[in-house]
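In what follows, a structure is listed as structure tokens, so that the remarks can point back to it.
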Amino acid sequence: MNSLIDSTLLKSGSYLNGKWITKAETQADVLNPATGEVITTLALSNEQDAKTVIDDANTAFQTWKTTSVQTRFELLKKWFDLIIANKQDLAAIMTMEQGKTLAESLGEIDYGASYVEWFAEEAKRIYGDVINLPGQDKQALVIRQPVGVVAAITPWNFPNAMITRKAAPALAAGCTIIIKPALETPLSALALAELAERAGIPAGVINVIVGKSRDLGKVLTDSSIVRKLTFTGSTPVGKVLMKQCADTVKRTSMELGGNAPLIIFDDANMDKAIEATLASKYRNSGQTCICANRILVQDGIYDLFVAKLKARVEQFRLGNGFDQGTTHGPLVSEKAANDVNNLVQQAIKQGAKVEIGGNISDLGSCFFEPTILTNLDAKMEIFREEIFGPVAPIFKFHSEQEAVDLANDTEFGLASYVFTDNISRAWRMATNIEYGMVGINEVAISSAMVPFGGIKESGNGREGSKYGLDDYTEMKYICLGGLGS
Ligand code: SIN
């Protein structure tokens, strides 16, 4: 096992109301997907723990909501500083439990921390409105107040950034939060909680509960004290959670599945499009909601594009994320690798041609070979499903209208990308395709400064940017009467 500079960042149980829970009736191992090694054995929290922490978070909320914005700013800023100071260890923990390369983990720690820094500042910018009414004796005021106790259910693909981009706006707005991280990658979340505690964020304001989804999810969604659920994960699970939240009419923010088209026109800069495809498709070994999921290439450049992309993918080196020279790590689990494999084998049965890769690697059961598939059509499952693996399916199109139709032929609407040197076409495409985010000649679209989120069955709400706080505040209208003399 990789050693840490500060081994006290490696935790083995929930952080609830300022206390670390290290003993429980039920345990679960956290595995390193590259080696199969047990990193640690976790004490799992149960339904009763979830009920208790909801009450504690509500008690903490009564004080936190009236804590000055300056104090909230200072505490979040301190948390940010500690995350940056402990970057190496946080990245090592992430590579151990998630598998991504150390370089990618280091990048994610910076990315995750940037949400904390951004929302620390935004805490100072929660504004309202004054609306002039026709009469002289009254004024309308609009203020924003924190929604209350927030529950966050977070995924394993970005074990740090998906937590900070929910916790930071929640805390900035004056909410308290209970985070339930994925059981594949709870250690990054717990290390963040340790740093929040060291930063002086009061007990009960930030809580991390580790346990089985079936034990904890329903308690969090059923509670009338929890006023908001924020979730990043699959669309089917998001739908179940939204239904569970309906009984208490809870606010929800849902960052769900994607089926991102990356559309390359004949007039695009080919070299830039190749680099962008590699970066988007194979980032985090294909395990992101905004990865290019369908690569649509115009017929005039199709063959050359495939040949050039293949030449670059041949240079990838699959391996343990800690090893020098590894460009791509394992998938998060054996199940993840099997799911990708099933999708690929089905496409092959339906006529897909494997240009490179196509199988689980000899390196181990969590490793999937970087893959390119051609000879595909829109009827295949691989056109419809979120792949979540290092597989680039390359479809051919002829006209701009066909590209729009193919791009929109999905229930998803998260990210999309268009490569063209024709400015009119770029604008037409950006407005005609149905996505929450469009990258024109660019795939690095994520940042704390922009509104990240989708439409259609990719979810609702926006994370990051000046809009990101809206999801954590309620609008209140106050009619101030009796002002006449
Ligand atoms: C995601 O895949 O859910 C997040 C990707 C990002 O923040 O860039």
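The values are calculated or read from the model by the stated rules, or taken from the named source; none is laboratory data. Just so it is clear, the model here is predicted, and its values are computed rather than measured. Heads up, the Cβs are rebuilt from the backbone with ideal geometry, glycines too, and the neighbour counts pull from every protein chain shown. With ligands, DNA and RNA removed, areas are computed over all heavy atoms of the protein, side chains included. Shrake-Rupley method; radii C 1.70, N 1.55, O 1.52, S 1.80 Å.
Please go through segment 213-243 and pick out each residue that is more than 16 Å from the ligand (Cβ to nearest atom), under 20 Å from the mean Cα position of the chain (by Cα) and open to solvent by 40 Å² or more (accessible area, probe 1.4 Å).
The answer is Ser213, Lys239, Val240, Met242.
Is it the case that Val438 is assigned to a strand (DSSP E or B), open to solvent by 20 Å² or more (accessible area, probe 1.4 Å) and within 23 Å of Leu278 (Cβ to Cβ)?
When the stated conditions are applied, Val438 passes them.
Checking the condition on the phi < 0 side of the Ramachandran plot, within 16 Å of the ligand (Cβ to nearest atom) and of a type in the set (Gly, Ala, Ser), which residue from Ala273, Ala268, Ala279, Ala246 passes? Walk me through how you get there before you give the answer.
Numbers: Ala273 fails: within 16 Å of the ligand (Cβ to nearest atom); Ala268 fails: within 16 Å of the ligand (Cβ to nearest atom); Ala246 fails: within 16 Å of the ligand (Cβ to nearest atom).
The unique qualifying residue is Ala279.
Go over the candidates Ile83, Ile131 one by one and state the one that is among the aliphatic types (A, V, I, L, M) and in contact with a Leu (Cβ under 7 Å, 6 or more places away or on another chain).
Ile83
Would you please list the contacts, defined by Cβ atoms under 6 Å and residues six or more apart or on different chains, that run from a residue in segment 96-120 that is closer than 17 Å to Pro155 by Cβ to a residue that is among the hydroxyl-bearing types (Ser, Thr, Tyr) and assigned to a helix (DSSP H, G or I)?
Close Cβ pairs satisfying both conditions: Ser105/Thr95; Gly112/Thr164; Tyr115/Thr164.
Considering only segment 298-399, give the strands (runs of 3 or more DSSP E) lying wholly within it that have at least 1 residues that are closer than 27 Å to Glu184 by Cα and of a type in the set (A, V, I, L, M, F, W, C).
Correct list: 391-397.
With the requirement that a residue be polar (S, T, N, Q) and under 20 Å from Ala336 (Cβ atoms), what does segment 283-315 give you?
Asn284, Ser285, Gln287, Thr288, Asn293
Could you check Gly481 against (1) within 29 Å of Arg144 (Cα to Cα); (2) without any contact (Cβ under 8 Å) to a residue 40 or more places away in the chain; (3) open to solvent by 40 Å² or more (accessible area, probe 1.4 Å) and say which number it fails?
Only one criterion in (1) within 29 Å of Arg144 (Cα to Cα); (2) without any contact (Cβ under 8 Å) to a residue 40 or more places away in the chain; (3) open to solvent by 40 Å² or more (accessible area, probe 1.4 Å) is unmet by Gly481, namely (2).
Can you spot a residue in segment 88-99 that is open to solvent by 60 Å² or more (accessible area, probe 1.4 Å) and of a type outside the set (Gly, Ala, Ser)?
Scanning segment 88-99, I find at least one residue that is open to solvent by 60 Å² or more (accessible area, probe 1.4 Å) and of a type outside the set (Gly, Ala, Ser), so the answer is yes.
Of everything in segment 324-340, what is out of contact with any helix residue (DSSP H, G or I) (no Cβ under 9 Å at 6 or more places or on another chain) and either surrounded by fewer than 17 Cβ atoms within 10 Å (Cβ to Cβ) or not hydrophobic (A, V, I, L, M, F, W, C) (or both)? Give them in sequence order.
Answer for segment 324-340, where residues must be out of contact with any helix residue (DSSP H, G or I) (no Cβ under 9 Å at 6 or more places or on another chain) and either surrounded by fewer than 17 Cβ atoms within 10 Å (Cβ to Cβ) or not hydrophobic (A, V, I, L, M, F, W, C) (or both): Gln324, Gly325, Ser333, Glu334, Lys335, Asn338, Asp339.
Determine whether Asn207 is touching a strand residue (DSSP E or B) at 6+ places or on another chain (Cβ under 9 Å), crowded, with 24+ Cβ neighbours inside 10 Å and in contact (Cβ under 8 Å) with a residue 60 or more places away in the chain.
In short, yes.
Return the total of residues in segment 102-131 being within 16 Å of the ligand (Cβ to nearest atom), more than 26 Å from Thr473 (Cβ to Cβ) and not small (Gly, Ala, Ser).
5
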